[in-house]
Structures are given as structure tokens and as C-alpha cells.
Amino acid sequence: MANSISKIAVLTSGGDSPGMNAAIRSVVRSCAYMKLKCVAIYRGYQGMIDGDFKEMNARSVNNIINKGGTILKSARCMEFRTPEGRKKGHDQLKKHNVDALVVIGGNGSFAGALKLNEEFNFPVMGIPGTIDNDILGTSYTIGFDTAINTVVEVIDKIRDTASSHNRLFFIEVMGRDVGHIALNAGVGAGAEEILIPEQNLGLDRLLDSLKRSKKSGKSSSIVIVAEGDKTGKNVFELKEYVEEHLPIYDVRVSVLGHMQRGGNPTCFDRVLASRMGVRAVEALLEGKTNYMVGIRDHKLILTPISEAIKAHTAVDEELIRVSDIMTT
Ligand code: ATP
């Protein structure tokens, strides 16, 4: 359907994730290909309110596909949570003759986009950019694959030193509400136990498992702990607990922190971001609004933002089972 969209804005919002740049590049180049004007908004919704806009062309996004983070910067903006803040943002969009907006971010960023649409009937399209992989309507978010590969690489290194000293390591990974990073990286790195927010394995089971490992002659053990794991104990408390109940172990803790967000995106994330960017622009041109682009069974799909932000995606039960079998 032909419509009146001739200029599209793109922004990144919330926590940054590797592959956001590839998505920005894709939106900008898709606009160029489809003979649309494109403008970048810096610093997410804060930049929208402040009028921090920059015209883009296909060459503006040279040499960024391989870079982590986001060239547009990201921000959290309290003002955009208010009707007055969104009115200021909308005024800036109108002032710059923007007809539609692509938001690359997570649940909160999409909630903001939806409100902008509801209040001003402004066309919006979401692209899921977050390392957490927690958004309904897509099997993968941009940045997740890079993050789990980063975590696996680090665990491999920690395992080298752990096994040289017969040590037990508790490794904390990101995931306050969801255990996707912990579960996937844990299985991929061969962790002995994986503690996630969705499931309470219980401290007794952890001790039993560690005792079994010791008995069976394992020289080292790696336990992956998501930030929000259900035991309610953080990695340092877990260390104390195990030292108290299993003094045979020499326990160390490693908190991976923000390194999980950084680094060059994997090929998977670059391709995913490129595909999603094209689909976002196409969908806006088809007259669609309030959708998020996702991927399922290798095919791009559109999910209403209102659905996508309803809940976090559940962890894969089959992967939990695999993890249980692998940690036997
Ligand atoms: P991450 O996955 O990193 O948490 P996110 O997009 O969920 O990404 P948030 O900090 O929740 O990150 O949201 C980013 C920004 O979106 C907020 O700073 C705010 O400007 C806007 N936003 C979030 N929730 C709302 C809301 N309910 N109404 C309006 N704007 C919102």
C-alpha cells in the first residue's frame, strides 16, 4: 500500500547491545534503497526531546557493521515517561518532518514507542536489541548471540585456571529476570550447575552435585549464576555457603559484568540485524505500525508491540532438560 511516508527516523534506546550498529546501518541503507529520507536521533528518547537529530545517507553508516555498542548512543530518559515529555518529542519529530520512527531497544523502549503512537497516531516500528533475549515475538534478539559467545569464551579461560588449581568457580552472568544467557552459555561451556531466575534448584541440590563431582574425580567445577537466580543468594553468598558446607573446595568468584554487552557482533547478530532493519522499513511503507520485527523458524515475523511487551520469554524447557542430563 502506498502511503505518505517519505522520512524515517531511527534511534537506539535502553541498554546497548552488540549488533545495534548493524541494525542502524540496515535501516539507513534500506531508506536510501527505497528512496526515503532518513534521520538519526542521538541518545534515544532524550535526544528526541532535545532535538538531537542528524540527516543520514547510505555513506553515513560506512564501517559500523562490525562495531559493538551504538554510534547513536543510548540513554534512559525519565521525561519520556510523562505525556509532556512525549509531546516535546513529538514536536521535534514534526519539526524535522519525520513521518515514522524505528526504535531499536528492549521492552521499555517499545512501551515508549507505543505511547507515542497512541497519543499522536505516529507510526512506529520496533527492532529488538538487547542481550537478554527476553522479548516475546522473537526467538532471538540482536546482541544475544554475541553475548553468549563472549560468556563462553571467558568461561573457557576461567576453566583453564580452575582446573590447574582444583578450584570451584561461581561465575555471575547478566540476567535479573531471565536465565537465557546463563542457560545457553552454561550448556555451551559445560558448566557443572546453572542457577537461573526461573527455577529454584535448591542449595541442597547444588551441594549434592558438587559432592558428586568431587567424588567422581573432577578436578574443577564451574557454576554459572544469573544475577537474579532463584536461590536468592548472590555469588559471594553462594561462595560462603559452599565453603561452610563443603570446606574441601577452594572457591573463587568471577562477576563478568558489562563485558557481556561489549565486543564485535557475531555474524549471526549482524545478519539478523540487517534482515530486521530491512523488514522494519518495508513494514512502515506497507502502512503497518505498532509492530516489532522478530524471527521465528528462520522467518521474519511481525508481532504487535502490545503483545511483545506483555511478558518475558520463558526459558527453553528442553534446554533445561539437556542441561540436567549434561551435569549428571
Ligand atoms: P533493556 O533491555 O536494556 O532494559 P529497555 O528498552 O527495556 O532496554 P528501559 O530502560 O526499560 O530499557 O527503557 C528505555 C527508555 O524507554 C526509558 O528510559 C524511557 O525513556 C522509555 N520508556 C520505558 N518505559 C516507558 C513507558 N512505560 N512509557 C514511556 N516511555 C518509556
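The values are calculated or read from the model by the stated rules, or taken from the named source; none is laboratory data. Source: prediction; values computed, not measured. No Cβ is skipped: glycine too gets one built from the backbone with ideal geometry, and neighbour counts run over all protein chains shown. Side chains included, ligands, DNA and RNA excluded: accessible areas come from the protein's heavy atoms. Shrake-Rupley method; radii C 1.70, N 1.55, O 1.52, S 1.80 Å.
Go through the range 206-248 and report how many residues are outside any helix (DSSP H, G or I) and within 30 Å of ASP145 (Cα to Cα).
Selection size over the range 206-248: 17.
So which of LEU101, LEU93 ends up being in a strand (DSSP E or B) and open to solvent by less than 30 Å² (accessible area, probe 1.4 Å)?
Matching residue, one of LEU101, LEU93: LEU101.
What pairs come up if the first residue lies in the range 62-83 and is free of Cβ contacts under 8 Å to residues at least 60 places away in the same chain and loosely packed, with under 15 Cβ neighbours inside 10 Å, the second is outside any loop (DSSP other than H, G, I, E, B) and of a type in the set (Asp, Glu), and their beta carbons are under 8 Å apart, counting only those six or more places apart or on different chains?
Every condition considered, the pairs that remain are PRO83/GLU119.
What about ARG159, is it open to solvent by 30 Å² or more (accessible area, probe 1.4 Å) and not in a loop (DSSP other than H, G, I, E, B)?
yes
Of the residues LYS218, LYS211, LYS230, which single one is of a type outside the set (Phe, Trp, Tyr), open to solvent by 30 Å² or more (accessible area, probe 1.4 Å) and either touching a strand residue (DSSP E or B) at 6+ places or on another chain (Cβ under 7 Å) or on the phi > 0 side of the Ramachandran plot (or both)?
LYS230
So which residues in the range 38-52 are open to solvent by less than 10 Å² (accessible area, probe 1.4 Å), within 13 Å of the ligand (Cβ to nearest atom) and touching a helix residue (DSSP H, G or I) at 6+ places or on another chain (Cβ under 6 Å), if there are any at all?
Hits for the range 38-52 are ILE41, MET48.
Taking PHE169, is it more than 11 Å from the ligand (Cβ to nearest atom), in a loop (DSSP other than H, G, I, E, B), crowded, with 17+ Cβ neighbours inside 10 Å and not β-branched (Val, Ile, Thr)?
Taking the combined requirement at face value, the residue does not satisfy it.
Give the range 249-283 a look and list any residue that's farther than 30 Å from ASP160 by Cβ and either β-branched (Val, Ile, Thr) or part of a loop (DSSP other than H, G, I, E, B) (or both), or say none.
Across the range 249-283, the qualifying residues are VAL271, VAL278, VAL281.
Pick out the one residue from ILE325, ILE295 that is open to solvent by 30 Å² or more (accessible area, probe 1.4 Å) and not assigned by TED's automatic domain parsing to the domain that holds LYS215.
Of ILE325, ILE295, the one residue that is open to solvent by 30 Å² or more (accessible area, probe 1.4 Å) and not assigned by TED's automatic domain parsing to the domain that holds LYS215 is ILE325.
Could you please find all residues in the range 62-101 being of a type outside the set (S, T, N, Q), away from the ligand (no atom under 14 Å from the Cβ) and closer than 24 Å to SER26 by Cα?
Selection gives ILE64, ILE65, LYS67, GLY68, ILE71, LEU93, LYS94, HIS96, VAL98, ASP99, ALA100.
Is there a residue in the range 253-270 that is under 23 Å from ILE8 (Cβ atoms), open to solvent by 70 Å² or more (accessible area, probe 1.4 Å) and more than 15 Å from the chain's Cα centre (by Cα)?
Within the range 253-270, not a single residue is under 23 Å from ILE8 (Cβ atoms), open to solvent by 70 Å² or more (accessible area, probe 1.4 Å) and more than 15 Å from the chain's Cα centre (by Cα).
Looking at the range 153-182 only, could you name the residues that are acidic (Asp, Glu) and out of contact with any Gly (no Cβ under 7 Å at 6 or more places or on another chain)?
Correct list: GLU153, ASP156, ASP160, GLU172.
Show the residue pairs that are 6+ apart or on different chains and have beta-carbon atoms under 6 Å apart, the first residue being within the range 97-123 and without any contact (Cβ under 8 Å) to a residue 24 or more places away in the chain, the second being within 13 Å of the ligand (Cβ to nearest atom) and among the aliphatic types (A, V, I, L, M).
none
Residue-by-condition table, conditions (1) at pLDDT 95 or above; (2) within 23 Å of ILE148 (Cβ to Cβ); (3) in contact with a helix residue (DSSP H, G or I) (Cβ under 7 Å, 6 or more places away or on another chain):
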site	(1), (2), (3)
GLY277	yes, yes, yes
GLY287	yes, no, no
VAL293	yes, yes, yes
ASP297	yes, yes, no
